Protein chains: 4
Amino acid sequence: MKDKVNIGVIGTGRMGSVHTRNLIRRIPQANVVAVCDIRLEVAQAVADELGIPRVIRDYHELLADDRVEAVVIAASTNTHAFMMIDAARAGKHIFCEKPLALDLTSIDEALAAVQQAGVKLQVGFQRRFDTNFQRVHERIASGQIGDLCILRITSRDPEPPPMSYVQVSGGLFLDMMIHDFDMARFQMGDVEEVYAAGNVLVAPEIGQAGDVDTAVVTLRFKNGAMGVIDNCRKAVYGYDQRLEVLGSNGAAWVENEMADTIVQADHQGFHSATLPHFFMQRYAEAYVSEMREFVECVAGDKTPPVTGRDGRLAVVLGYAAHKSRQENRPVRLSEIAAV
Amino acid sequence: MKDKVNIGVIGTGRMGSVHTRNLIRRIPQANVVAVCDIRLEVAQAVADELGIPRVIRDYHELLADDRVEAVVIAASTNTHAFMMIDAARAGKHIFCEKPLALDLTSIDEALAAVQQAGVKLQVGFQRRFDTNFQRVHERIASGQIGDLCILRITSRDPEPPPMSYVQVSGGLFLDMMIHDFDMARFQMGDVEEVYAAGNVLVAPEIGQAGDVDTAVVTLRFKNGAMGVIDNCRKAVYGYDQRLEVLGSNGAAWVENEMADTIVQADHQGFHSATLPHFFMQRYAEAYVSEMREFVECVAGDKTPPVTGRDGRLAVVLGYAAHKSRQENRPVRLSEIAAV
Amino acid sequence: MKDKVNIGVIGTGRMGSVHTRNLIRRIPQANVVAVCDIRLEVAQAVADELGIPRVIRDYHELLADDRVEAVVIAASTNTHAFMMIDAARAGKHIFCEKPLALDLTSIDEALAAVQQAGVKLQVGFQRRFDTNFQRVHERIASGQIGDLCILRITSRDPEPPPMSYVQVSGGLFLDMMIHDFDMARFQMGDVEEVYAAGNVLVAPEIGQAGDVDTAVVTLRFKNGAMGVIDNCRKAVYGYDQRLEVLGSNGAAWVENEMADTIVQADHQGFHSATLPHFFMQRYAEAYVSEMREFVECVAGDKTPPVTGRDGRLAVVLGYAAHKSRQENRPVRLSEIAAV
Amino acid sequence: MKDKVNIGVIGTGRMGSVHTRNLIRRIPQANVVAVCDIRLEVAQAVADELGIPRVIRDYHELLADDRVEAVVIAASTNTHAFMMIDAARAGKHIFCEKPLALDLTSIDEALAAVQQAGVKLQVGFQRRFDTNFQRVHERIASGQIGDLCILRITSRDPEPPPMSYVQVSGGLFLDMMIHDFDMARFQMGDVEEVYAAGNVLVAPEIGQAGDVDTAVVTLRFKNGAMGVIDNCRKAVYGYDQRLEVLGSNGAAWVENEMADTIVQADHQGFHSATLPHFFMQRYAEAYVSEMREFVECVAGDKTPPVTGRDGRLAVVLGYAAHKSRQENRPVRLSEIAAV
C-alpha cells in the first residue's frame, strides 16, 4: 500500500469542505494537493483554513495535474456525471457524492466511462460507514439474525429544508429517501418492487412545489423479505434515524444517538434531551470513515464498498417510488430500468 | 347506576374463563349468575372454581333466564353472529369477543338485530383498554401530538400457533392483524385504503395452508395520515407489541412491557430478559378493564366504547388486506363493503 | 402437602386487609376462617367484603379456635411480640409483619417462644419476593456475578409520611431503611459494621421530631464486600426502588418499574411518566408471593425463607445505624446485640 | 481577545500528546511553538506527526522562550510542582495535569508561586468539561434540582492498571477517586468530612502493594447534603462513569455513554454492547474542551474554571479518605490541612 494518496477536491461547499477537513485532519494517508470550486473564493477560504497549496476554479485544470491520483466530487448534483466522465478519462480514481445524477442516462454514461477507464469509484452513502449500521450488517452477514423477514427504517428530518433546495433536489424520494433505499439494500439485499404512499401533511409549500413531505414505502426484497421506510420532513424532536431488522433468529435495532445521556426527573416525570438536529453531527464519524475507506482503496488493493451499481440502484428505487406514488400501484424496479 | 349487573357467560374456554374470573374476582359490580358451554364439564369446572350457582349447556336456556341482563359471548367465532341475534332478541346486552364473525353478511345481520333490539353491544378489542395505548389515544385527542402524520404498529407473536388454529382462524389478516387494524382506527381514525405485502418466511406449514406468516400493510387514513403495520408469527424474543405515532407537534411511542427490570452486565455487554411470551399476560389488566367498562355501561348511561361498527370495520380491513395481497394492488375499503 | 390451610388474620388495617384479600382472591390453598381486630367494625368491613365467616375483637379467641392452623399478625408494631408468644404457645404457625418489634428484648423473647413451640415463623419482608430482586439473588447464588464487591440500594419515598406515623415508627432507620437492610442481607450475606450519615434536608418537621429525612449508610459485609444504601423521604418523581450489585464477573441492576411504557417526544425532548407513588402498587405481586410462600410452608415441608433471625438482624442493623449517626462513627453489629 | 496563543507543552507522553494533538487539530486559536520531553525522541515523534517547529529536552529552555505565553504541564506527577513554580516565575500561564502533586507542601508552594506571579492556572480535571456533567452542573446552579440532598457517583475501571502504575500513583484515593472528589465538589460544593471503606476484592496484587482495589466513600458537604462515591478497579463490562443528584425538586442522572446504540434480541433476551473500555475515548471531547477553555482564558479576560484551590482540595480529599480508611473513622478535611 502506498504511503500517501494525492487528492483533489472538486466542490468545496457544505459537503466538500467537510470531506476536505476530514482528509486533512483525520486521515494521515491523504494528501490534499488542490481544491477546486467555480466560486474561487469559496475554495480559497477552505484552502486558507487548512493550508492547501493550490486553489483552482476550473476542474479541468485539476484533472490535468499529474500528481492528483484521486478526486472527490462534491459539486452540485447536475455536474456529477460529466465530472465523473472527465475524471475517469483522466485516469483519476473517484469519490462521488450522492446522488450520482438525477437522470439514469447520465448515470449509465458515467458508469460506463468509469468501467472503461478502470478507475475506482466510491459513492457517498456515508450511512453505510456508521458504526451502528455497519455492525448490524455484519451480524446479518454472520447469520446471527437468521433468515431475514422484516426491515423497518425510520428517517425523519427535524424541519423541512429551504424551498430553494426542495426545488432542485429531485423530491423526497430522490433526495431524502435515497439514503434509506441504499441502507435497505445494504442490510437486506436487492429490491424487486416498491409501493409508495406519500402526502403533504406538515409543509404545504412543499406540496405547492409538487412534492410530498411524508411518505411510507413498502419494499419487497428478492429474498422474499419485506421492508418499510418512513420519511417525514418534520420531526420536532430532532433528526430521527432508526433501523430494525427481524429475522428467524431474532432482531436487531439501531436506536437513535442521543444528544446527551442525562435523564432528569421532576414531579411531571422523566425527561431527556431532543436528538441532535443536524445530519452532519449525527454522521460526523461516518463521513470520516467513508473517506478513509476511499483513500485506502486508492492506496492499495481494496475495492470501494459502495459501488457505481449501488449509486445507480438507489436512484432507480427513487424513481420507482415516485412512479408508485403517482400511479398508486406497486412498481417493479425493472419498469424503471434494466437492473 | 345500578349496584349489580347480572351476567351470563356463554363459552367458558380460554377467553371465556378469563372473563368469568375477572368478572368475579376483580369487578364487584358484576354478578355472574350462570355460565354456559356446550361442553358442560368445561363450564362446570369454571363454576366450581369460582362458586357460580348455575351451569348450562344450551345458551338458549341462559337467554331465557330473566335475571340475566347481559351476556358475554366467548364461544367459537362461528357462533358469535347467531348468538348475538338471539341475545339481542332476548333483550340482553352483549359483550362479544372478536372477530364478530368471519363473514360480513352475518355481521350485518347481527348488528341489525342489536340495533333493532336497542341493546348495548361491546366488542372484545381489549388492547384499547391497555393503559399505554389508551394514554396515547388521549394525548392525540388532546392535541398534544398535533396533526397526525405517521402511525407504526409492530405486532409479532413469539411462535406460530398450532396448525389446527391456523386452519379455522381466517388467516393472519383476520385473526392476528385484526387487533392492529382496530388499534390503528382507535388512534388515527377511519381508513380509506390498504396495501398489503405478505409472505411465508418462518413457518412453511402456514404457507402450505394457504396463509402468510409475515406481512407489512400500509394504511391510508381518511385524514391523510399514513400508517404501517407489521406482523410476524415468529419473534423468538417474545410477544412484541409496539406502537408509534408521529404528528406535527411530536411523537409518542408505546414500548414493550419487559418481563422484569433487571439489566445484567458481563464482559460481553448488557443483557435483559425476553418479553413475556403470552398475550394473556401482556393484556391481563386490559381484559379486566374492558369487562369493567362493559359492566358500567350496562349498569348506567354509558355507551360501550368499542362498537359493532368497530367490530365490523376491523373485519372489512382484514378482507381488504387479504384481497390486496392476493391482487398485489391497493384496495379501498369500499371495494369490500359499504363503509 | 395439605389441600387447605386454615388461617386467621390478626389486625385488618392497611397491611392486614391486603394480606386477607390476597389470601382469599389469589391463593386458593388458603382458607381464611376468621379475621380479628380490636376495632371490630374494621374487621367486620373486611369480612363483609370478602365473605369471611367469623369476626373477632380479641385475638385470644382466635388463638383458641382449633381450626386455625396459622395466623397472620398485622396489628400495630407494639403488639407483634406478645401476639407471637401467645400464638406460638397456642401452636399456631406465624406470619408476622415487620418490624418484629422495636426493642430487641421483646424480639428475643418472641423468637424463643417460637423456637420452643416448634411453630413456623415467616417475617414480612415482601421485597424478597419481588421477581426482580429474587432473580438477582438467584444469579448471585449461581455464581454469575462472581465474587461480590459492591452493593448499592436506593430507596426513596415520594413524600414524607404523616407526622403521626413518624412519631411511632421508630425513625427512618427502623421504619424505612429496615427493608433495605434486609434486602442487603438477602443479596450479600451478613453485615459486620455500618456507618450512617443522616440529615434533615426536605422535611423540617421530621427534624423537629428528632429524626432525619435523608440518610446514606455504608455497610461492611462479613465477606469483605461493601454496600451503600441511600434513603430520602421525598423524591418528587415517585417511589424510587433500585438495586445494583457489582461482582468480579459483572454487575446486575434492578431498575425502577415504570408507570407506563410511553415515551413522548416534543421540541423540548423525550418524556416519560413519573414512577408509581405507592409502595403497595410497586410490591403488589410481592405481597401475594410472600403469602403464597407462607401458606405452602404451613401446608408442607418447606421452611419459611424469611426467618426470625432475619427479622431480628434487620432491627439490629437499624439500631446500629441509629447509633452510628448519633456518635458519627462506624458501629459493629456486635455492639448492639449478640449476632 | 488575542487571535493566537503561543503554547509550549512539557511532557509528551500519553496525556501530553493528546493535549498537543487537540491544541493543533481542534483549537485554531492555539499555536504550539514547542514541545518538550526529557525523552527527546518522544517529543520529536509528536513534533514530526504534528509539524511542530521546535523540540526541547530541558523545560527550562522552553520557559526561556519569550514567544511562549502558556505551558501545558503533562510530565510525571512528581515534576508538576517545581515546573509550576519555574513556569510561574517565568511569567507563563499554566495548565497542569492532575494531581498537582502528591504532597500538600509542594502544592502549597506551587500555588503561592502562581499567585505571586499573577499567572493563570488551570488544573486538568477534564470531567468538568464533559457535556453531561456540565449540564447537570448548570441545572443545579439554575435551581431546577432544588435544594441538594444526595449525590451518587460510580466510577469503575474495566481492569486494574499495571502494577508499575499502582506503585507510583498514590493509591486509589489519590489516583482514581481524585476525579470523583473533584466532580463531587463541582456539583455539590465544598466537603467537610469523609468516611472511607475500602478493601482488596478483585486484584490481590494491589493489596500486596498496600492499596485497595474497591472503595465506598461517604461525603458530608458543607451545605448539609450527603454523597457517596464508589470505585472499583475492575468492572468487566467497561469503563463505568455515572452520576446522580437528588434534590428537593427532583433528580438528574448522567447515564453511561454506550459503545453503540444497537439492541439485539434473541431467544435469551435483549443484548447491547459493553461500555467503551478506555477513559481517553469516554472523555475525548472533554479533553478538547478543557484545553479550548484554557486557551481562551489565556487569550482573554476569562479566569480558568478549575483553579489551584480545586486541584489542592481534591488531594486533601484523597488524603482524608486514605486516613479515614486506615483509622476506620470519619475524617474532617481540616484534620489534613487548612481548608
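The values are calculated or read from the model by the stated rules, or taken from the named source; none is laboratory data. Because the structure is a prediction, the values reported are computed rather than measured. Positions of Cβ are backbone-derived with ideal geometry, glycine not excepted, and every protein chain shown enters the neighbour counts. For the accessible areas, the whole protein counts, side chains as well, though only heavy atoms, and no ligand, DNA or RNA atoms are used. Shrake-Rupley method; radii C 1.70, N 1.55, O 1.52, S 1.80 Å.
Which entries of A:92/D:4; B:4/B:222; A:98/D:4; C:98/C:222 show an alpha-carbon separation above 29 angstrom in the structure shown?
As for pairs spanning more than 29 Å Cα to Cα, those are A:92/D:4; B:4/B:222; A:98/D:4.
Could you let me know the centre-to-centre spacing of the range A:107-128 and the range D:102-169, using Cα atoms, in angstrom?
When both Cα centres are located, 52 Å separates them.
Please state the charge dipole magnitude for the protein assembly as shown, taken about the Cα centre, from unit charges on C-beta atoms (+1 on K and R, -1 on D and E), reported in debye and rounded to the nearest 20.
0
Could you run the Debye sum over the Cα atoms of the range D:280-339, one equal point scatterer each and no solvent, and tell me log10 of I(q)/I(0) at q = 0.14, 0.28 Å⁻¹, two decimals?
Debye curve over Cα of the range D:280-339, log10 I(q)/I(0) at q = 0.14, 0.28 Å⁻¹: -0.60, -1.04.
Based on the alpha-carbon gyration tensor of the protein assembly as shown and its eigenvalue square roots a ≥ b ≥ c, which shape applies: rounded if a/c is under 1.5, prolate if not and a/b is larger than b/c, or oblate?
oblate
Check the axis relating chain D to chain A and name the residue of D whose C-beta is nearest, distance in whole Å.
It is D:25, 3, counting Cβ atoms only.
Please report the accessible area of residue D:253 (heavy atoms, 1.4 Å probe, ligands and nucleic acids excluded) in Å², nearest 10.
20
Would you kindly work out, in nm and rounded to one decimal, the distances from the label point of residue A:82 to those of the same position in each other copy, ordered shortest first, with label points 7 Å along Cα-to-Cβ?
7.1, 7.9, 10.5
For chain B, take the longest principal axis of its alpha carbons; what is the angle in degrees between that and the long axis of helix B:308-327, to the nearest 10 within 0 to 90?
Taking the Cα atoms of chain B, the angle to B:308-327 is about 40 degrees.
Taking only the Cα atoms of the range A:196-336, how large is their convex hull per residue, in Å³?
Looking at the range A:196-336, the number lands at 201 Å³ per residue.
If each label sits 7 angstrom from Cα along the C-beta direction, how far apart, in nm, is residue C:58 from its counterparts in the other copies?
Shortest to longest, the spacings are 6.0, 10.2, 11.7 nm.
Given an 8 Å cut-off on Cα distances and at least 6 residues of separation, report the relative contact order of the range C:22-120 as a percent.
20
Residue by residue through the range A:151-163, which ³J(HN,Hα) values in whole Hz follow from phi under the Karplus form 6.51 cos²θ - 1.76 cosθ + 1.60 (θ = phi - 60°), with glycine and proline marked x?
So the Karplus estimates, Gly and Pro as x, are 10, 10, 10, 10, 8, 9, 8, x, 7, x, x, x, 4 Hz.
Please work out whether the range A:123-241 counts as rounded, prolate or oblate from its C-alpha gyration tensor, where a ≥ b ≥ c are the square roots of the eigenvalues and a/c under 1.5 means rounded, while otherwise a/b larger than b/c means prolate and anything else oblate?
Note, shape of the range A:123-241 comes out prolate.
Take every DSSP beta bridge whose two residues both sit in chain B, then give the antiparallel share in percent to the nearest 5.
Counting only bridges with both partners in chain B, antiparallel ones make up about 55 percent.
Averaging sequence separations of C-alpha pairs under 8 Å and six or more residues apart, then dividing by the length of the range C:146-250, give the relative contact order as a whole percent.
49
Rounded, prolate or oblate: which fits the range C:191-272 when a ≥ b ≥ c are the square roots of the eigenvalues of the alpha-carbon gyration tensor, with rounded for a/c under 1.5 and prolate only if a/b beats b/c?
In terms of gyration-tensor shape, oblate.
May I ask you to find the residues of the range B:268-291 that are shielded by at least 30 Å² of accessible area once the whole protein assembly is considered instead of their isolated chain (probe 1.4 Å)?
B:270, B:271, B:272, B:274
Quick one: with label points 7 Å out along Cα→Cβ, list the inter-copy distances for residue A:281 in nm, shortest first?
2.3, 3.5, 4.1
With an 8 Å cut-off on Cα pairs and a minimum separation of 6 or more residues, tell me the relative contact order of chain C in percent.
19
Dividing the alpha-carbon radius of gyration of the range D:1-152 by 2.2 N^0.38 Å (N being the number of residues), what value is obtained?
After normalising by residue count via 2.2 N^0.38 Å, the value is 1.15.
Sorting B:108, C:260 by accessible area (1.4 Å probe), largest first, what list results?
Heavy-atom accessible area, descending, gives B:108, C:260.
Whole-Hz ³J(HN,Hα) for each residue in the range C:277-291, computed from phi via Karplus 6.51 cos²θ - 1.76 cosθ + 1.60 with θ = phi - 60°, x for glycine and proline: what do you get?
Rounded to whole hertz, the list is 8, 10, 5, 5, 6, 4, 10, 3, 6, 5, 5, 5, 5, 5, 6.
Quick check: the angle from helix D:131-142's long axis to the longest principal axis of chain D, C-alpha only, nearest 10 degrees?
Between helix and principal axis, roughly 70 degrees.
Amide H neighbours of residue A:56 under 5 Å, at least 5 residues apart or on other chains, H built in the peptide plane: list them.
A:35, A:36, A:37
Between 0 and 90 degrees, rounded to the nearest ten: what's the tilt of helix B:77-89 against the longest Cα principal axis of chain B?
Between the helix axis and the principal axis of chain B, the angle is about 50 degrees.
Where the centroid of each part is defined by its Cα atoms, how far is the range D:261-284 from the range B:49-65 in Å?
So the two Cα centres are separated by 57 Å.
7 Å from Cα along Cα→Cβ at both residue B:57 and residue D:25: what's the point-to-point distance in nm?
Going from the residue B:57 label point to the residue D:25 one covers 8.5 nm.
Using only the alpha carbons of the range C:1-81, what is the convex hull's orientation-averaged projected area in square nanometres?
The number I arrive at for the range C:1-81 is 5.2 nm².
In whole Hz and in residue order, list the ³J(HN,Hα) couplings for the range D:207-221 that follow from phi through the Karplus curve 6.51 cos²θ - 1.76 cosθ + 1.60, θ = phi - 60°; x for Gly and Pro.
x, 4, 7, x, 10, 9, 10, 9, 8, 10, 10, 8, 10, 10, 8
For a quick check of understanding: with a 1.4 angstrom probe and all protein chains in place, what accessible area in square angstrom does residue D:61 have, to the nearest ten?
90
Considering only protein heavy atoms, with the full assembly of protein chains and a 1.4 angstrom probe, order C:159, B:244 by accessible area, largest first.
Accessible-area ranking of C:159, B:244, largest first: C:159, B:244.
Taking amide H atoms as placed 1.01 Å from N in the peptide plane, list the residues 5 or more away in sequence, or in a different chain, whose amide H sits under 5 Å from that of residue C:147.
Those qualifying (amide H under 5 Å, at least 5 residues apart or on another chain) are C:248, C:249.
Using only protein heavy atoms and a 1.4 Å probe, report how much of residue C:290 is accessible, in Å² to the nearest 10.
Residue C:290 exposes around 0 Å² with every protein chain in place.
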